[in-house]
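For reference, the structure is listed below as structure tokens.
The values are calculated or read from the model by the stated rules, or taken from the named source; none is laboratory data. From a predicted model like this one, the values you see are computed outputs, not experimental measurements. Every residue, glycine among them, receives a Cβ derived from its backbone with ideal geometry; neighbour counts consider all protein chains shown.
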Amino acid sequence: MPDINILYIEDDPAQRTSLAESLRGRGFGVVEAASGEEGLGLLSDETAVVLCDLHMPEMDGIEVLRRVQRRSPDVPFILLTAHPSIPIAVEAIVEGAQRFLIKPVSPDEMEISIYQAIEFARLRRWQREAEEQLLRLVEAVPVPYIITRLRDGKILYANKHLANMVGLTPDEMKNRNTVDFYYDPEKRLEVLERLKRDGFVTDMEVRVKRADGTPMWSVFSLASSEMAGEKVVLGGFLDITRRKDLEDRLHLYHEVFKHSIDVIMVIDKEGHILERNPAHQKRTGFTDEDLAGKTVFDLLTLEKAAEVKKAMEKDGGFQGELEGVGKGGEKIPVLVSVFPIHDEEGKLDLYVSMGRDITAIKRALTDLADTNRELRQTQAQLVQSEKMASLGGLVAGIAHEINTPVGAMTSMHDTLVRAIVKLKEHLKQQSPDAFETDERLKSLFAMIDESNQVIRSGATRVAEIVRRLRSFARLDEAELKKVDIHEGLEDTLTLVHHEIKHNIQVVRDYGKLPMMSVYPSRLNQVFLNLLNNARQAIRDKGTITIRTRIEGETAVIEFSDDGTGIPKENLSRVFDPGFTTKGVGIGTGLGLSICYQIVKDHRGRIDVQSEVGKGATFTIRIPTHLDEILGVS
Ligand SMILES: Nc1ncnc2c1ncn2[C@@H]1O[C@H](COP(=O)(O)OP(=O)(O)OP(=O)(O)O)[C@@H](O)[C@H]1O
Ligand SMILES: [Mg+2]
């Protein structure tokens, strides 16, 4: 079988037979067809070359060429004509004919043309395959990729990654223009400028406009090149939307870091400060140089540093109140939270410490506590002075009530005594020795004398009690007055006498005190409260000792009892308003806080000493010359 089989289509039988014979004579295999229709029917895989006449009645050579091209594009096609025309020749070449021969053709020329056509077709096939190969390679590049025409920006090729990126198909991309895909048009001008100048652009950040009009950050590199005599631009893209988002996020976090009024620090495992926000320098005054080589622990007081270190080692973090130090050594109270940051493998990498300066809060809290205490104190005082006022009123009323009958009794008793003296004289006149002889009379008068004495001393005592009660009740004496402190003590003792006389012995260990200017009724209030407390602390039997002495310009008044005593943990609280261990309805817990305030108003102090089971001693120290201190006399 011959190597090269030719399909020869020619409507003129004479011409056909003659050329076919001559070709066969040169070793070619020739299949003959009388029309295009027939020829296309005979076209097979064996067909190496198609030889075809141009002018044929039913289907002309150009049409045959088109159809052959469609079925077997790689089979070389030679067109023959006796009436050549340039436009037709051009059309034939454009449609894919390898050769265009003018009849008559010599057998030699025919043979050469056949070989040329075969060779030509093979080259074209190679070229096509190479192109396809190249396209496959380009298609396989796993990044968004584009080829455009430099002169007008027409997109010649865009791979599927790029199409995906903008939300189109590769076919939709083709023939569109790069102009459509710049979100910022001025960027395009810059790109063109640089391409013209350098021939390339690398790693430029641009916003690509997606098909739906939304922007998308990308970084691209472009290079200009030549393809089929045309200047083109090849470009690869990278979608950096995520990176840009992260950058935005980072920027945001950095702003937070920068503007936070709380101190934020990033520290390593040893506590070295890797980063800190401006709030730290602003608050502490430490510059970066000041902190070089230092750890966060150097910025804390020693024992706190140890505590934080321990907590970080044990729990991985720390939360709580600390005292930081400023550049000038000043202490800054801060509320701190330290937490660990782990790397991707879960290993401890860094710590972040966030601290809030709570100086202002602390100050406000202290102020609040002070105000609160003052308020309660004032309230307590009001309550007590109200109580004292009504007690005073009551005492004064009772004293007054008792005073009248006692006055009447005393004066009547005087009258009675005088009457008895007169009676005695009268009896002596009647019978002068009746008193010597009449034993009965003697004993009766002895009885009367004794009774008189008892009545007198009783009346004097009642009068004294009444006086003391009235003196205690001198509540109008709110002003400074020079008094004898011992008098005040006695007045107060009188008031509580009936409550303590059965089981409590009062020991007076009075020293010498000068007349002192005090607020008498208020000081009595202190004595009364202390005596009441002492009385209440004594269970069955006991002693209350009142000591007074002078120490320089200070009068010391001490109340000791041998009662229950005060537990250590309560010692610092007994002067707090409202602190009581006596239970609802018994104590209000105001007594000592009022004493404290009154003594303070006297520019003095009150202290307590006590041990459980050994009683308690309250010591008052007040200056002897309050009037001078206060500038009143
Ligand atoms: N002499 C004392 N011995 C033992 N405890 C005392 C003595 N004096 C005061 N205390 C303790 O101090 C607390 C406070 O005393 P304070 O006089 O302020 O209030 P109170 O006696 O409880 O109530 P109020 O005085 O209003 O009746 C008492 O409840 C008691 O626990
Ligand atoms: Mg009390």
Exercise. Check every one of the helices (runs of 4 or more DSSP H) wholly within segment 508-620 and list those with 1 or more residues that are within 13 Å of ligand 2 (Cβ to nearest atom) and within 24 Å of Ile485 (Cα to Cα).
Key: 520-537, 591-601
Quiz item: Hey, which of the strands (runs of 3 or more DSSP E) in segment 113-217, taking only ones fully inside, have at least 2 residues that are surrounded by fewer than 17 Cβ atoms within 10 Å (Cβ to Cβ) and among the small types (Gly, Ala, Ser)?
Solution: none
Practice problem: May I ask you to list the residues in segment 581-593 that are more than 8 Å from ligand 1 (Cβ to nearest atom) and β-branched (Val, Ile, Thr)? | Solution: Val584
Quiz item: Here are some conditions: (1) in contact (Cβ under 8 Å) with a residue 40 or more places away in the chain; (2) small (Gly, Ala, Ser); (3) over 30 Å from Asp576 (Cβ atoms). Ala380 meets all but one. Which one does it not meet?
Solution: (3)
Quiz prompt | Residue that is farthest from Leu65 (Cα to Cα), among those in segment 102-148 that are among the charged types (D, E, K, R) and under 60 Å from the mean Cα position of the chain (by Cα) | solution = Glu139
Quiz item: In segment 48-77, which residue that is in a strand (DSSP E or B) and of a type in the set (A, V, I, L, M) is surrounded by the fewest Cβ atoms within 10 Å (Cβ to Cβ)?
Solution: Ala48
Exercise. Collect the residues in segment 551-593 that are closer than 23 Å to Val506 by Cα and touching a strand residue (DSSP E or B) at 6+ places or on another chain (Cβ under 7 Å), keeping them in residue-number order.
Key: Ala555, Val556, Ile557, Glu558, Phe559, Ser560, Asp561, Asp562, Gly563, Gly565, Ile566
Exercise. Of the numbered conditions (1) closer than 17 Å to Gly393 by Cβ; (2) modelled with pLDDT of 85 or more; (3) in contact with a Leu (Cβ under 6 Å, 6 or more places away or on another chain); (4) not small (Gly, Ala, Ser), Asp491 fails exactly one; give the number of that condition.
Key: (3)
Quiz item: Scanning for something touching a residue at least 12 places away in the same chain (Cβ under 8 Å), among the aromatic types (Phe, Trp, Tyr) and either surrounded by 11 or more Cβ atoms within 10 Å (Cβ to Cβ) or assigned to a loop (DSSP other than H, G, I, E, B) (or both), does segment 435-452 turn up at least one residue?
Solution: yes
Quiz item: Can you tell which of Gly407, Gly397, Gly392, Gly346 is on the phi > 0 side of the Ramachandran plot, away from ligand 1 (no atom under 16 Å from the Cβ) and not assigned by TED's automatic domain parsing to the domain that holds Thr492?
Solution: Gly346
Quiz item: Going through segment 269-303 one residue at a time, which ones are within 13 Å of Ser353 (Cβ to Cβ) and surrounded by 13 or more Cβ atoms within 10 Å (Cβ to Cβ)?
Solution: Gly271, His272, Ile273, Arg276, Asn277, Ala279, His280, Thr295, Val296, Phe297, Leu299, Leu300
Quiz item: Within the group Asn524, Asn532, which residue is surrounded by fewer than 19 Cβ atoms within 10 Å (Cβ to Cβ), closer than 22 Å to Leu382 by Cα and in the same structural domain as Glu558 (by TED's automatic domain parsing)?
Solution: Asn532
Quiz item: Mind checking which residues of segment 150-174 are within 21 Å of Ser225 (Cβ to Cβ) and not aliphatic (A, V, I, L, M)?
Solution: Arg151, Asp152, Gly153, Lys154, Tyr157, Asn159, His161, Pro170, Lys174
Self-check item: Selection from segment 313-344 of residues that are assigned to a helix (DSSP H, G or I) and of a type in the set (Asp, Glu)
Solution: Glu313, Asp315
Exercise. Could you list, in sequence order, all residues of segment 218-268 that are surrounded by fewer than 16 Cβ atoms within 10 Å (Cβ to Cβ), within 30 Å of Thr178 (Cβ to Cβ) and of a type in the set (Lys, Arg)?
Key: Lys231, Arg242, Arg243
Quiz item: Say we look at segment 390-425 and pick out the residues that are more than 26 Å from Ser451 (Cα to Cα) and of a type in the set (A, V, I, L, M, F, W, C); which of these is surrounded by the fewest Cβ atoms within 10 Å (Cβ to Cβ)?
Solution: Leu394
Quiz prompt | Those residues of segment 533-580 which are without any contact (Cβ under 8 Å) to a residue 12 or more places away in the chain, near ligand 1 (Cβ under 7 Å from one of its atoms) and among the hydroxyl-bearing types (Ser, Thr, Tyr), in sequence order | solution = Thr580
Quiz item: Which is touching a helix residue (DSSP H, G or I) at 6+ places or on another chain (Cβ under 6 Å) and not aromatic (Phe, Trp, Tyr), of Arg522, Arg508, Arg461, Arg467?
Solution: Arg522
Quiz item: So how many residues does segment 18-46 have that are among the polar types (S, T, N, Q) and at pLDDT 95 or above?
Solution: 1
